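Below you'll find the structure, written out as structure tokens, and then a few comments.
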Amino acid sequence: MADFEVGASAASDAPARVGVTMTTALDQASRALALLAADACDDRKAVDIRLIRVDAVSSLADWFVIASGLSDVQVRAIARSVEDRIEEAHGRLPLRREGQSEGRWVLLDYGELIVHVLTPQERSYYDLEAFWGHGDHEPYLGSEAASQA
């Protein structure tokens, strides 16, 4: 962040700069939460982990993390890993959980972050990446990138 100049112009610029700094800090915090969730998915060997920034196109959340588990058991284990990591790191539980009993699609809603863990069949059917195609997409490489380095 640029240093403030002392004088009349610094006082008039301060509110705008503070607002920008706060927004950036909030953006960084929600991105860090999304990355933590993605890393928790990776810990349980989730497949095709993607982060989608949706704050510019939706008021639902700032980020989606979408990951696949190859079985109902793995989907539930991935979701449990996300819950455990976020609770351990931030003392937060999801505001809402859906689908844990069936295990084909688990949704964890943290407000600024929504985590979707799906079987490949459910993921293909609902195609969330296409539905949210106007958001900024990025793959999460996690341990895959580390093993290739």
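The values are calculated or read from the model by the stated rules, or taken from the named source; none is laboratory data. Everything numeric in this text was worked out from a predicted model, so none of it was measured. Ideal geometry is used to build each Cβ from the backbone, glycine not excepted, and the neighbour counts take in all protein chains shown.
May I ask you to verify whether residue 101 is among the small types (Gly, Ala, Ser), out of contact with any strand residue (DSSP E or B) (no Cβ under 8 Å at 6 or more places or on another chain) and farther than 16 Å from residue 47 by Cα? Yes, satisfied. Applying the set (1) more than 17 Å from residue 140 (Cα to Cα); (2) at pLDDT 85 or above to residue 22 leaves exactly one unmet item: (2).
When the helices (runs of 4 or more DSSP H) confined to region 41-149 are screened for residues that are out of contact with any Ser or Thr (no Cβ under 7 Å at 6 or more places or on another chain), among the hydroxyl-bearing types (Ser, Thr, Tyr) and surrounded by 14 or more Cβ atoms within 10 Å (Cβ to Cβ), those reaching at least 1 such residues are found at 72-90, 120-126.
Can you tell me which residue in region 27-40 is nearest to residue 132 (Cα to Cα), limited to those that are surrounded by fewer than 16 Cβ atoms within 10 Å (Cβ to Cβ) and of a type outside the set (A, V, I, L, M)? Applying the filter and picking the extreme gives 27.
Can you spot a residue in region 126-138 that is more than 21 Å from residue 45 (Cα to Cα) and of a type in the set (Ser, Thr, Tyr)? Yes, that holds for at least one residue.
Scanning region 58-96 for residues being of a type in the set (Ser, Thr, Tyr) and in contact with a Cys (Cβ under 8 Å, 6 or more places away or on another chain) gives a total of 1. Listed by first and then second residue, the pairs linking a residue in region 71-90 that is in contact (Cβ under 8 Å) with a residue 60 or more places away in the chain to a residue that is in a helix (DSSP H, G or I), with Cβ atoms under 7 Å apart and 6 or more places separating them unless they lie on different chains, form an empty list.
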